[in-house]
Amino acid sequence: MPDPIRVAAVGDVHLADDLRGRYAPLITNISEEADALLVAGDLTQHGTVEEAEVFADEFGAADVPVLAVLGNHDYHSGAERDIVRLLEDRGVAVLEGTSTTIDTDAGRLGVAGIKGFCLGFSGRCAADFGEPEMKAFTGHGIETAARLRQALDALEAEEPDVTVALSHFSPVDDTLVGEPKEIWPFLGNYRLGEAIDETGVDLAVHGHAHAGREKGLTPAGVPVRNVAQPVIQAAFRVYDVVPRRSA
Amino acid sequence: MNEQQTRDLERAIATDPRTHELGIRLQVRGDHLVVSGEVASEARRAMVLEVIRDHDPGLDIVDYIVLSAEPGPGEPQHEQIDPPRR
Ligand SMILES: [Fe+2]
Ligand SMILES: [Fe+2]
């Protein structure tokens with residue numbers, strides 16, 4: 001069995017000034033545990049640049065590469081572009097329909113990331129029908145999944161040993177159990193799950209569903225983990241992903 | 001407070017720039033307004049209660065908000081993810 005690539009992940013830290021100092025001490029030596037740290041969106045509470053600075057201060061303490069996607073909270077103040085610029089300046093890679101690779105001792109880790117959006121799941125899903133407002137809503141959900149698929153397709157050329165899909169919204173409803181069913185269509189999007197199933201992903205990591213549960217599977221059986229901080233109740237989880245044996 | 005006002009107040013807690021808390025639930029029980037859900041800090045709990053008081057619900061506010069468990073030191077949890085059998 002090859003050595004695993006160790007992927008640490010957390011989401012929904014919702015940082016602001018009042019939470020300064022909560023994460024930095026716990027992740028300064030994270031290289032002892034993990035090869036990379038993934039952050040699954042809702043980095044900030046109100047989506048301001050000041051809060052993004054708190055995030056950069058806290059997560060900049062990590063001694064491994066930090067890869068993040070934004071969440072809905074990070075868009076709230078209309079400052080998402082400034083937030084991305086600040087985070088990139090501070091060494092945090094922000095993925096949005098894009099991918100990156102990290103070479104570790106155990107092999108090459110490829111991560112494709114997207115915020116994602118609402119849409120829903122089998123049996124309770126918004127339809128691309130009717131008023132322009134409804135089409136805009138569903139259209140964004142569909143588009144975001146198409147962009148994840150493109151990012152995963154592009155990543156294949158880099159020949160990663162382990163491929164991880166990172167999103168804020170959930171690709172499956174398995175990990176929403178615990179959330180009121182009425183709001184599931186606002187928590188995730190089955191098209192994200194389809195993109196994951198069709199592109200050789202080893203692990204999908206998401207956040208957003210604070211009251212959901214950690215573990216689930218896509219329809220094709222890819223492991224999905226909801227790492228929203230209120231779910232995992234820790235600074236991060238570590239997934240030791242064993243690379244597929246080369247054929 | 002009727003059902004409609006209760007839902008409006010929930011939405012106010014989600015959209016008020018002081019809070020932006022999307023996980024707070026309100027229930028009217030007799031003379032009480034029960035506030036539940038999870039927030040990340042005492043400051044955020046206080047803000048939620050302040051927003052509610054500003055809307056003057058005319059009920060006794062019962063604070064059942066829980067604080068998110070603060071991530072403490074201790075062994076990080078590892079889980080092995082095996083490749084698919086094919
Ligand atoms: Fe969140
Ligand atoms: Fe969110």
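Just so it is clear, none of the values below were taken in a lab; they were calculated from the coordinates. Fair warning: this is a prediction, and the values are worked out from it, not measured in the lab. We place every Cβ from the backbone using ideal geometry, glycine too, and count neighbours over all the protein chains shown.
May I ask you to give the average projected area over all directions of the convex hull of the Cα atoms of region B:3-67, in nm² rounded to one decimal?
Computed as one quarter of the Cα hull surface, the answer is 3.7 nm².
Shape class for region A:65-127: oblate, because the ratio a/c of the largest to smallest gyration tensor axis (alpha-carbon atoms, square roots of eigenvalues) is 1.5 or more and b/c is at least a/b.
Extending 7 Å from the Cα toward the beta-carbon at both B:Arg53 and A:Ala24 defines two label points whose distance is 3.2 nm. The GNM of chain B, with springs linking C-alpha atoms under 10 angstrom apart, assigns the highest mean-square fluctuation among B:Pro57, B:Pro73, B:Pro17 to B:Pro73.
Placing +1 on each Lys and Arg Cβ and -1 on each Asp and Glu Cβ, with no other charges, gives chain B a dipole about its Cα centre of roughly 340 debye. Averaged over peptide B:16-29, the number of partner chain Cβ atoms lying within 10 Å of each residue's Cβ comes to 2.
What are the DSSP H helices in chain A that stretch 30 Å or more along their long axis, judged by alpha-carbon atoms, and whose average Kyte-Doolittle hydropathy comes to at least -1.0? Span-like helices here: A:132-156. Calculate how steeply helix B:42-54 sits against the longest principal axis of the alpha-carbon atoms of chain B, using the helix alpha-carbon long axis, and give the answer as 0 to 90 degrees to the nearest 10. That works out to roughly 30 degrees.
Our summary gives chain A a relative contact order of 23 percent, counting only alpha carbon pairs under 8 angstrom and 6 or more residues apart.
The orientation-averaged projected area of the convex hull spanned by the Cα atoms of the protein assembly as shown comes to 17.3 nm².
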